[in-house]
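Single-structure report; data block below.
The values are calculated or read from the model by the stated rules, or taken from the named source; none is laboratory data. Quick caveat: nothing in here was measured; it's all calculated off a predicted structure. Here the Cβ positions follow ideal geometry from the backbone for every residue, glycine too, while neighbour counts run over all protein chains shown.
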Amino acid sequence: MENVAIVKGDKLILRGLKFHGYHGVKPEERKLGQKFLVDVDAWLDLQPAGKSDCLSDTVSYTDIYRIVKEVVEGPAHNLLESVAQLIASTTFTNHPQISAVRVVVGKPHVAVPSSVDYLGVEILRYRSVDASN
């Protein structure tokens, strides 16, 4: 029940973040790199900031943006699952007030015989269960 309440609660929303990275299992992905698309939802109580109008009572969008940028533009990972997990775990480490995080990582340029917007992964992590993993 706690997890359902978190997903329905207040959250910060970051959509359509775009970065160039070198993630993937194919040699050309590691050499040439490619564009990655990332969305993040971070659940926390926004009521204190709503009442005070003070940035110190919330988490800045730019802090989460920087986490995503550092992970995607940082050292290469084979799997998008690993990229998403590192974004989630770093978000929990840096921001103890965040209770859950949803991360979507997509590759818009994939070698498939059809036109696609992107292929990718989505993870949902809860601090009470996943923060230590």
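The table below gives the values:
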read-out: Per-region count, region 102-124, residues farther than 20 Å from H20 by Cα and crowded, with 18+ Cβ neighbours inside 10 Å; value: 1
read-out: Flag if A5 is of a type in the set (A, V, I, L, M, F, W, C) and modelled with pLDDT of 90 or more; value: no
read-out: Enumeration of residues in region 23-48 that are over 16 Å from I87 (Cβ atoms) and among the charged types (D, E, K, R); value: K26, E28, E29, R30, K31, K35, D45
read-out: Counted residues, region 18-40 - those being part of a strand (DSSP E or B) and either among the hydrophobic types (A, V, I, L, M, F, W, C) or crowded, with 18+ Cβ neighbours inside 10 Å (or both); value: 6
read-out: Region 74-101, residues that are within 16 Å of G33 (Cβ to Cβ) and either crowded, with 18+ Cβ neighbours inside 10 Å or among the hydrophobic types (A, V, I, L, M, F, W, C) (or both); value: A76, H77, L79, L80, V83
read-out: So T90, is it under 23 Å from Y126 (Cα atoms), more than 12 Å from the chain's Cα centre (by Cα) and either of a type outside the set (V, I, T) or modelled with pLDDT of 95 or more (or both); value: no
read-out: Enumeration of residues in region 41-66 that are surrounded by 20 or more Cβ atoms within 10 Å (Cβ to Cβ) and in a helix (DSSP H, G or I); value: I64
